[in-house]
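Everything below concerns the one structure shown next.
The values are calculated or read from the model by the stated rules, or taken from the named source; none is laboratory data. Predicted model, so just to flag it, every value in this text is computed and none were measured. Methodologically, a virtual Cβ is constructed for each residue, glycine included, from the backbone with ideal geometry; neighbour enumeration extends over all protein chains shown. Side chains are part of the model used for accessible areas, which takes the heavy atoms of the whole protein and leaves out ligands, DNA and RNA. Shrake-Rupley method; radii C 1.70, N 1.55, O 1.52, S 1.80 Å.
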Amino acid sequence: MKNIVKFLVFILYSTSIFFFPNNKIIFIFAIINLITNFISKVPIIKVWKNTLKIFPFIIFTFLINSLLDEFYYAMWIGIKLIIVCNITIIYSNTTTIIRNSRNNKAIVHTTKAF
């Protein structure tokens, strides 16, 4: 049950980042990422190395958004993507594939039709 709650909080946290306005609230999410990183004891160097591997896709998304919208909003989307990538890396380092599949099975089982 603890793993299911952890998974649902992760999903809620990751999606809610994009619904909040582009202001100081986003920096609170970044601070929450740092606190989560220290609590989970995942080395911060490992998290940033993995984020740098994804960074070209974030830059690509930033460039597309800057062409389609204002530079200011594209910058905020890039920052939000970095925050989501960081929390995803932290979550993936604190759980296993088997645990994730059990979580998904338990969640889907509750929605299963007769």
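Go through the range 33-45 and give me each residue that's closer than 19 Å to I79 by Cα and in contact (Cβ under 8 Å) with a residue 24 or more places away in the chain. Give the steps one after another, and end with the answer.
At the first step, the residues of the range 33-45 found to be closer than 19 Å to I79 by Cα are 33-37, 44-45.
Result: N33, T36, N37.
Condition test on F29, is it open to solvent by 50 Å² or more (accessible area, probe 1.4 Å) and hydrophobic (A, V, I, L, M, F, W, C)? For F29, the condition - open to solvent by 50 Å² or more (accessible area, probe 1.4 Å) and hydrophobic (A, V, I, L, M, F, W, C) - is not met. Annotation note: of I35, I77, the sole residue that is surrounded by 12 or more Cβ atoms within 10 Å (Cβ to Cβ) and either within 15 Å of the chain's Cα centre (by Cα) or of a type outside the set (K, R) (or both) is I77. In summary, I44 fulfils each of the numbered conditions (1) open to solvent by 40 Å² or more (accessible area, probe 1.4 Å); (2) modelled with pLDDT of 90 or more with the single exception of condition (2). Scan the range 2-17 for residues that are under 15 Å from the mean Cα position of the chain (by Cα) and either exposed (fewer than 13 other Cβ atoms within 10 Å of the Cβ) or at positive phi (or both) and the total you get is 6.
Determine, yes or no, whether N23 is surrounded by 12 or more Cβ atoms within 10 Å (Cβ to Cβ) and modelled with pLDDT under 80. Criteria not met by N23.
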